[in-house]
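Visitor: Here you go, one structure.
No value in this document is a laboratory result; all are computed from the given coordinates. Just so we're clear, the structure is a prediction, and the values are computed from it rather than from any experiment. Quick reminder, even Gly has a Cβ in these numbers, built from the backbone with ideal geometry, and neighbours come from all protein chains shown.
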Amino acid sequence: GVDPFYDKTGFRFTDVQSALQAWKNISLHESTFEQYILHENRYFDLIHVDIIHQYKPTYDCGDWALQHSNCVCFHDTLSFTVVMQAVQDLSIKYNCEFYNYNHSHGFGILIRK
């Protein structure tokens, strides 16, 4: 997980890190995605993007994610038209299958073919 932990969610990094201790396959990084991706080149089974609801950050994060995973999920595709547009644009760029579910403000899934 990558999160700067400075927004209004009320969750602190140390609290979340402590809650996840039992799962050794989960790592948590207190960082923006922009800083994290500068030094991360691993390939992931799944990446879930739920960031600021603006086109460019969603597109940029999703662009990096689709270069590092065959399956990328996005939250809030129905609540924010710019998020949906970024996901649609990425699906075209990477020739992905695009599934979108109405549950929980929209949940978009891109799968690389």
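Visitor: Cβ-Cβ under 7 Å, sequence separation 6+ or interchain: first residue in the range 101-113 and without any contact (Cβ under 8 Å) to a residue 40 or more places away in the chain, partner part of a loop (DSSP other than H, G, I, E, B) and surrounded by fewer than 16 Cβ atoms within 10 Å (Cβ to Cβ). Which pairs?
Guide: Final answer for the pair search is 105/79; 106/79; 113/95.
Visitor: Can you tell me which residue in the range 29-51 is farthest from residue 73 (Cα to Cα), limited to those that are in contact with an Asp or Glu (Cβ under 9 Å, 6 or more places away or on another chain) and hydroxyl-bearing (Ser, Thr, Tyr)?
Guide: Here the answer is 31.
Visitor: I'd like the residue in the range 8-33 that is touching a residue at least 24 places away in the same chain (Cβ under 8 Å) and either among the hydroxyl-bearing types (Ser, Thr, Tyr) or out of contact with any helix residue (DSSP H, G or I) (no Cβ under 7 Å at 6 or more places or on another chain) (or both) and, out of all such residues, is nearest to residue 87 (Cα to Cα). Quick ask: steps written out before the conclusion?
Guide: The first filter runs over the range 8-33 and keeps only residues touching a residue at least 24 places away in the same chain (Cβ under 8 Å), leaving 26-33.
Now restrict to residues that are either among the hydroxyl-bearing types (Ser, Thr, Tyr) or out of contact with any helix residue (DSSP H, G or I) (no Cβ under 7 Å at 6 or more places or on another chain) (or both): 26-27, 31-32.
On the way: 26: 26, 27: 26, 31: 23, 32: 20 Å.
Filtering the range 8-33 for residues that are touching a residue at least 24 places away in the same chain (Cβ under 8 Å) and either among the hydroxyl-bearing types (Ser, Thr, Tyr) or out of contact with any helix residue (DSSP H, G or I) (no Cβ under 7 Å at 6 or more places or on another chain) (or both), the one nearest to residue 87 (Cα to Cα) comes out as 32.
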